[in-house]
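The values are calculated or read from the model by the stated rules, or taken from the named source; none is laboratory data. Treat the numbers as computed from the prediction; the structure is a model and nothing was measured. Every residue, glycine as well, gets a Cβ built from its backbone with ideal geometry; the counts of neighbours run over all protein chains shown.
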There are 2 protein chains.
Amino acid sequence: MFERELLKGSLGLMLMALLEQGPMYGYQIAKHVRDQTDEVIDLKEGSLYPALHRLEKEGMLEAFWQRREDGVDRRYYQLTAEGMRVLTERRAQWNRFSAAVSKVVSDGSIQ
Amino acid sequence: MFERELLKGSLGLMLMALLEQGPMYGYQIAKHVRDQTDEVIDLKEGSLYPALHRLEKEGMLEAFWQRREDGVDRRYYQLTAEGMRVLTERRAQWNRFSAAVSKVVSDGSIQ
DNA sequence: CAAGATACTTTGTAATACGAGGTATAGAAT
DNA sequence: ATTCTATACCTCGTATTACAAAGTATCTTG
């Protein structure tokens with residue numbers, strides 16, 4: 001009920017940052033994030049897939065289907081050129097923002 | 001349209017962290033945050049006051065009116081004991097969360 | 001054959017930042 | 001005198017969005 005709200009606004013950024021390293025598919029992304037953050041961030045399907053579709057519609061990502069030998073279809077997402085450009089902006093914005101919050105939140109002993 | 005979403009979930013935390021240092025009133029809080037974060041975070045009244053009321057209702061804050069000599073009323077907010085306890089939790093949660101996001105978001109060269 | 005993991009989808013709901021509007025006072029500028 | 005700016009509070013409606021929950025389908029493992 002609180003953790004949930006923290007993610008708002010940074011999920012899209014995280015997805016774009018991940019896909020900067022190369023195309024990935026949904027399930028893979030979720031696992032990657034879960035592992036890389038020691039389960040601090042556990043992307044739920046109800047957030048992940050809508051977020052990917054949203055970014056695709058905004059032109060940040062492009063998607064393509066790929067069938068595995070066993071017949072399982074996977075939808076891969078990759079960052080567009082526009083997505084790359086916007087990622088740079090949002091990364092900087094996140095850094096500014098998180099530094100600002102941390103400054104206020106870390107107790108007065110620093111100030 | 002994006003910055004807005006980043007704030008979700010961390011506004012309450014920031015307010016509680018500020019009030020840890022002593023009672024403050026709404027306008028003062030907004031100015032303090034704006035100054036302390038070099039205007040990165042600019043709390044709007046439509047967010048600030050509802051957030052304060054919310055925290056009050058949740059028992060995190062207590063409020064009292066105080067009249068200045070010139071007749072202007074100010075509503076001061078202070079952290080409750082329960083608020084103090086919850087603040088500790090949320091502070092830790094924010095640190096975990098922001099570290100996790102930063103890890104994913106900072107490019108692959110670190111990994 | 002049942003159970004779990006993999007893999008994607010959609011619908012409805014709850015939470016919340018903020019725009020925009022409102023009220024009221026004090027002091028400075030025109 | 002009046003307008004403007006700053007201070008100081010409030011509330012309603014809207015947009016956004018994470019997620020729970022449900023569904024579909026395949027493959028592997030017990």
Check whether at least one residue in segment B:45-59 is within 16 Å of DNA strand C (Cβ to nearest atom) and over 22 Å from residue A:4 (Cα atoms), and report yes or no.
yes
Collect the residues in segment B:67-83 that are in contact (Cβ under 8 Å) with a residue 24 or more places away in the chain and over 13 Å from the mean Cα position of the chain (by Cα), keeping them in residue-number order.
B:74, B:75, B:76
Restricting to segment A:35-48, name every residue that is assigned to a helix (DSSP H, G or I), more than 8 Å from DNA strand D (Cβ to nearest atom) and loosely packed, with under 15 Cβ neighbours inside 10 Å.
A:35
Contacts under 9 angstrom Cβ, first residue in segment A:41-55 being farther than 18 Å from residue B:105 by Cα, partner hydroxyl-bearing (Ser, Thr, Tyr) and more than 6 Å from DNA strand C (Cβ to nearest atom), 6 or more apart
none
Selected residue (criterion: surrounded by the fewest Cβ atoms within 10 Å (Cβ to Cβ)) from residues of segment B:17-34 that are at the interface with another protein chain (Cβ under 9 Å from one of its Cβ atoms), part of a helix (DSSP H, G or I) and in contact with a strand residue (DSSP E or B) (Cβ under 8 Å, 6 or more places away or on another chain):
B:32
Of the listed residues (B:91, B:85, B:75), the one being surrounded by fewer than 20 Cβ atoms within 10 Å (Cβ to Cβ) and in contact with a strand residue (DSSP E or B) (Cβ under 9 Å, 6 or more places away or on another chain) is B:75
When residue A:5 is evaluated against the numbered criteria (1) of a type outside the set (Gly, Ala, Ser); (2) at the interface with another protein chain (Cβ under 7 Å from one of its Cβ atoms); (3) crowded, with 21+ Cβ neighbours inside 10 Å; (4) in contact with a Ser or Thr (Cβ under 9 Å, 6 or more places away or on another chain), which criterion, by number, is the only one it fails?
(3)
Could you please find all residues in segment B:15-40 being more than 14 Å from residue B:75 (Cα to Cα), hydrophobic (A, V, I, L, M, F, W, C) and without any contact (Cβ under 8 Å) to a residue 24 or more places away in the chain?
B:18, B:33, B:40
Of the numbered conditions (1) free of Cβ contacts under 8 Å to residues at least 12 places away in the same chain; (2) away from DNA strand D (no atom under 15 Å from the Cβ); (3) touching a Gly at 6+ places or on another chain (Cβ under 9 Å), residue B:97 fails exactly one; give the number of that condition.
(2)
Mind checking which residues of segment A:62-111 are assigned to a loop (DSSP other than H, G, I, E, B) and within 14 Å of chain B (Cβ to nearest Cβ)?
A:106, A:107, A:108, A:109, A:110, A:111
Taking segment B:51-73 and keeping residues basic (Lys, Arg) and at pLDDT 95 or above leaves B:54, B:57
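To keep it simple, each residue is scored yes or no on (1) over 14 Å from the mean Cα position of the chain (by Cα); (2) under 30 Å from residue A:22 (Cβ atoms).
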site: B:5; (1), (2): yes, yes
site: B:48; (1), (2): no, no
site: B:87; (1), (2): no, no
site: B:93; (1), (2): yes, no
Within segment B:15-39, the count of residues that are β-branched (Val, Ile, Thr), over 18 Å from residue B:54 (Cβ atoms) and at pLDDT 95 or above comes to 0
